[in-house]
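Peer 1: My questions all concern the structure below.
The values are calculated or read from the model by the stated rules, or taken from the named source; none is laboratory data. Remember, it's a predicted structure, so these values are computed and weren't measured experimentally. Neighbour counts are summed over all protein chains in view; Cβ atoms, including those assigned to glycine, are modelled from backbone coordinates with ideal geometry. In case anyone asks, the SASA skips ligands and DNA or RNA and just uses the protein heavy atoms, side chains included. Shrake-Rupley method; radii C 1.70, N 1.55, O 1.52, S 1.80 Å.
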2 protein chains.
Amino acid sequence: MTGPGTSPTGDQLVEVLAALSNPLRLRIVATLAGGRDYVSNLARVIGVSRPLLHMHLQRLEAAGLVVGSLELSEDGKAMKYFEVADFDLRLTPALLAAAAATLTTTDSPRGPAREEPSR
Amino acid sequence: MTGPGTSPTGDQLVEVLAALSNPLRLRIVATLAGGRDYVSNLARVIGVSRPLLHMHLQRLEAAGLVVGSLELSEDGKAMKYFEVADFDLRLTPALLAAAAATLTTTDSPRGPAREEPSR
DNA sequence: TACACGTGTAAGAAAGTTCTTACACGTGAA
DNA sequence: TTCACGTGTAAGAACTTTCTTACACGTGTA
């Protein structure tokens with residue numbers, strides 16, 4: 001993901017911020033920051049349904065904030081562990097302006113389609 | 001807003017991240033980072049409808065990312081100028097975990113209401 | 001075979017976000 | 001009075017997000 005030396009593109013930034021702008025996903029990251037865990041146990045720990053957790057984890061992984069790996073347990077079960085990725089992002093007006101300059105999609109991703117996508 | 005010495009609460013963080021996780025609002029902040037401007041001109045510069053810009057600016061102001069002020073122009077017009085706020089946020093797994101610990105609303109703000117809001 | 005545990009996916013509903021269009025009001029100049 | 005320019009607000013439509021429930025599959029044990 002994004003370390004102190006690299007800057008995300010505007011599109012990456014939007015993806016990351018959107019992924020983190022949800023209380024449940026924040027809690028997921030926070031729980032994984034305390035140590036990796038597998039999906040169904042994480043669902044129990046956090047107290048949400050497993051399909052829901054899976055969906056949120058996919059969103060976080062797509063943004064590069066967590067990393068999933070499939071492992072075989074000693075009793076033959078395929079278990080999907082997730083751990084938090086190593087990221088370090090800084091947000092200041094100047095940095096946001098630099099990122100905004102690289103946005104490829106400038107319109108909001110929802111609502112009625114606009115007549116003329118502005119750029 | 002949030003300088004290098006202060007940490008936002010979990011709720012503030014979610015509000016800020018949600019406000020920034022939109023390409024159009026990123027562009028608004030970026031344009032204002034280059035210098036303050038008034039609403040209708042900003043709408044022209046960016047190329048969006050004024051009511052839409054107004055709505056987005058309100059969202060950014062509520063999150064503390066921009067500051068609006070009403071001024072009287074020399075020809076008697078009440079003009080609403082906006083400028084970017086001074087913020088400096090850092091996002092790392094540890095900082096997110098600390099913020100998540102202070103979340104008061106732990107559920108996502110949309111979708112079907114859950115049976116038992118989990119904490 | 002039934003059960004326990006793990007996985008991934010799909011469908012449909014509820015809620016919020018984004019956008020356009022319209023309305024209303026104000027000041028000043030022609 | 002009309003026009004130009006500024007402001008704020010509301011209504012309704014299109015779209016995305018979030019959630020639950022259900023289905024399907026796998027391995028191992030009793």
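Peer 1: With respect to A:SER108, determine if the residue is open to solvent by less than 80 Å² (accessible area, probe 1.4 Å) and within 14 Å of another protein chain (Cβ to nearest Cβ).
Peer 2: Values: open to solvent by less than 80 Å² (accessible area, probe 1.4 Å): yes; within 14 Å of another protein chain (Cβ to nearest Cβ): yes.
Yes: the conditions hold for A:SER108.
Peer 1: Moving on to the next point. Kindly evaluate B:ASP37 against the criterion of being in contact with a Phe, Trp or Tyr (Cβ under 8 Å, 6 or more places away or on another chain), in contact (Cβ under 8 Å) with a residue 40 or more places away in the chain and open to solvent by 20 Å² or more (accessible area, probe 1.4 Å). Don't jump to the end; show me each part of the working.
Peer 2: Working: in contact with a Phe, Trp or Tyr (Cβ under 8 Å, 6 or more places away or on another chain): yes; in contact (Cβ under 8 Å) with a residue 40 or more places away in the chain: yes; open to solvent by 20 Å² or more (accessible area, probe 1.4 Å): yes.
In short, yes.
Peer 1: Can you tell me which of A:THR92, A:THR31, A:THR104 is polar (S, T, N, Q) and in contact (Cβ under 8 Å) with a residue 60 or more places away in the chain?
Peer 2: Numbers: A:THR92 fails: in contact (Cβ under 8 Å) with a residue 60 or more places away in the chain; A:THR31 fails: in contact (Cβ under 8 Å) with a residue 60 or more places away in the chain.
Among A:THR92, A:THR31, A:THR104, only A:THR104 is polar (S, T, N, Q) and in contact (Cβ under 8 Å) with a residue 60 or more places away in the chain.
Peer 1: Can I ask one more? State the number of residues belonging to region A:42-54 that are more than 8 Å from DNA strand D (Cβ to nearest atom), open to solvent by 10 Å² or more (accessible area, probe 1.4 Å) and more than 8 Å from chain B (Cβ to nearest Cβ).
Peer 2: Matching residues across region A:42-54 total 3.
Peer 1: What residue, among those in region B:72-87 that are in contact (Cβ under 8 Å) with a residue 40 or more places away in the chain and among the charged types (D, E, K, R), is farthest from the other protein chains (Cβ to nearest Cβ)?
Peer 2: The initial filter retains those residues of region B:72-87 that are in contact (Cβ under 8 Å) with a residue 40 or more places away in the chain, namely B:79-87.
Filter once more, keeping what is among the charged types (D, E, K, R): B:80, B:83, B:86.
Numbers: B:LYS80: 19, B:GLU83: 10, B:ASP86: 8 Å.
Applying the filter and picking the extreme gives B:LYS80.
Peer 1: Still on this model: Keeping to region A:55-87, report how many residues are surrounded by fewer than 16 Cβ atoms within 10 Å (Cβ to Cβ) and in a helix (DSSP H, G or I).
Peer 2: Number satisfying all stated conditions: 4.
Peer 1: Exactly one of (1) in a helix (DSSP H, G or I); (2) within 7 Å of chain A (Cβ to nearest Cβ); (3) farther than 18 Å from A:ALA101 by Cα; (4) not hydroxyl-bearing (Ser, Thr, Tyr) is unmet by B:ARG90. Its number?
Peer 2: So the condition that B:ARG90 fails would be (1).
Peer 1: Hey, another quick one. Only one residue in B:ALA18, B:ALA30 is part of a helix (DSSP H, G or I), surrounded by 12 or more Cβ atoms within 10 Å (Cβ to Cβ), facing chain A (nearest Cβ under 9 Å) and within 13 Å of DNA strand D (Cβ to nearest atom). Which one?
Peer 2: On the way: B:ALA30 fails: within 13 Å of DNA strand D (Cβ to nearest atom).
The unique qualifying residue is B:ALA18.
Peer 1: Same structure again: Would you mind telling me which numbered condition in (1) at pLDDT below 95; (2) within 13 Å of DNA strand D (Cβ to nearest atom) A:VAL39 fails?
Peer 2: It is condition (1) that A:VAL39 fails.
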